[in-house]
Amino acid sequence: MSEPDLFSPVKLGNLTLNNRMVMAPMTRNRAGEGNVPQAINVEYYRQRATAGLIITEAAQVSPEGVGYPGTPGIHSEEQVAGWKKVTDAVHKEGGRIFIQLWFCGRISHPDLLPGNKLPVAPSAIKPEGEVMTFEGMKPYVEPHALEVEEILAIVEQYRHAAAMAKQAGFDGVEIHAANGYLLDQFLRDGSNQREDEYGGSVQNRMRFLNQVIDAVYESWNRQNVGVRLSPENRFNSMSDSDPQQHFSYFISQLNAHAPVYIHLLEGDMISGERNVNYPALRDAFDGLYIANNGYDKERAEKVLAEGNADLVAFGVPFLANPDLVYRYQHDLPLNEPDMSTFYGGDEKGYTDYPFAER
Ligand code: PHB
């Protein structure tokens, strides 16, 4: 068998993707009024439809799930209508698109939440640092530790959002259980210090994720559902006492649910530092593995050739190069990303990155 090639088609469950290059989920804070995807968002995703698979920016499953200004939701009829234009545009270009389901939990602020309520978390532990509100940066607050019935209510919000995602015409959904947001806050023991059935043992810490997966499976076939994890990402004040051991358990248990892929943010998001053995985690999972975090063409080809990933997700390179697949294929130079326009704003730094001349 020949080596898997970045540019050759691959089966992902019941879908055939045009290549193994995934556009990683990236928060861009450009949704319109009511957290509804608007015309510039349609254009942004349409431009990037040559990716084998687009995973959208994280979309909150309910108004309570929000953590930043201007992020899209997937819980209202208006949002579904907005996303439908995105999925139609991507499909028209021959692309495939999953939506990432998100609940921020303690990475939020009363200013952003309905009724100015406290953000929620497994335990009342305040994250370090500051949050972007409509009035600028403010320190994080100590979150409310969720009661069991409140956890179950959030599972219902995922159930609803997954059904809305189906209506919006997505090819699948990615459950965001990474990067310090609510599901990850339950998985890792630095943020989960509960003493009930949702904390303590790895079995208990995974209970919420298992319930969310079951809820999502009510509207989706497992072949159209992926899960994102980040065992050792410190972003958002996260830590775990033994990421290798704990995530090896979580990942082996995911086999019971058999989602089509796991998508790993490998190492630390900011520094890139890695201590976990990712091939070992990958071996614990029976489905497909998407590698992410700082990959370029060379590293992507290497990880595929070594058999340590099935697909590779690219973030910033796709942000700055709508035609990243073509550029990598033809070894063309890349556009420079402009960090000042990553979060919020208009077309500038969003839909105005040029395509390479053909
Ligand atoms: C961010 O807004 O910086 C962000 C959002 C979602 C992630 C990671 C980072 O998963």
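The values are calculated or read from the model by the stated rules, or taken from the named source; none is laboratory data. Small disclaimer: the values here were computed from a predicted structure and weren't measured. Note that each Cβ is placed from the backbone with ideal geometry, even for glycine, and that neighbours are counted across all protein chains shown. The accessibility values were calculated without ligands, DNA or RNA, using every heavy atom of the protein model including side chains. Shrake-Rupley method; radii C 1.70, N 1.55, O 1.52, S 1.80 Å.
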In terms of the alpha carbon gyration tensor, root eigenvalues a ≥ b ≥ c, rounded if a/c is under 1.5 and otherwise prolate when a/b exceeds b/c or oblate, the stretch 120-176 is oblate
Using alpha-carbon positions, the gyration tensor of the stretch 144-262 gives root eigenvalues a ≥ b ≥ c; with a/c under 1.5 called rounded, otherwise prolate if a/b exceeds b/c, else oblate, the class is prolate
Toy charge model, Lys and Arg Cβ at +1, Asp and Glu Cβ at -1: the stretch 10-341 dipole around Cα centroid in debye, rounded to 20, equals 740
antiparallel share of DSSP beta bridges within the chain, to nearest 5, in %, is 20
Kirkwood Rh for the stretch 71-189 from C-alpha pairs, in Å, is 15.7
Taking alpha-carbon centroids only, the stretch 305-320 lies from the stretch 114-131 a number of Å equal to 32
Rounded to whole Å², per residue accessible area for the stretch 207-329 with a 1.4 Å probe reads 36
In nm², the average projected area of the convex hull spanned by the Cα atoms of the stretch 228-358 is 9.5
The whole-number value in µm²/s of the Stokes-Einstein translational diffusion coefficient for the chain, with Rh from the Kirkwood sum over alpha carbon pairs at 25 °C and 0.890 mPa s, is 121
Residue separation between ARG299 and ASN277 times 0.36 nm, minus their alpha-carbon distance, gives in nm 6.3 nm
Correct response: the longest run of the chain lacking exposed GluC sites (Glu not before Pro), defined by DSSP loop and at most 14 other Cβ within 10 Å, is 1-92
With -39,500 (n - 2.57) per DSSP H segment of 4 or more residues and division by the full residue count of the chain, the 222 nm estimate, nearest 500 deg cm²/dmol, is -8500 deg cm²/dmol
Note to self: C-alpha centroids of the stretch 62-88 and the stretch 218-278 sit apart, in Å, by 25
Two pseudo-spin positions, 7 Å from Cα along C-beta at LEU334 and at LYS117, lie apart in nanometres by 4.1
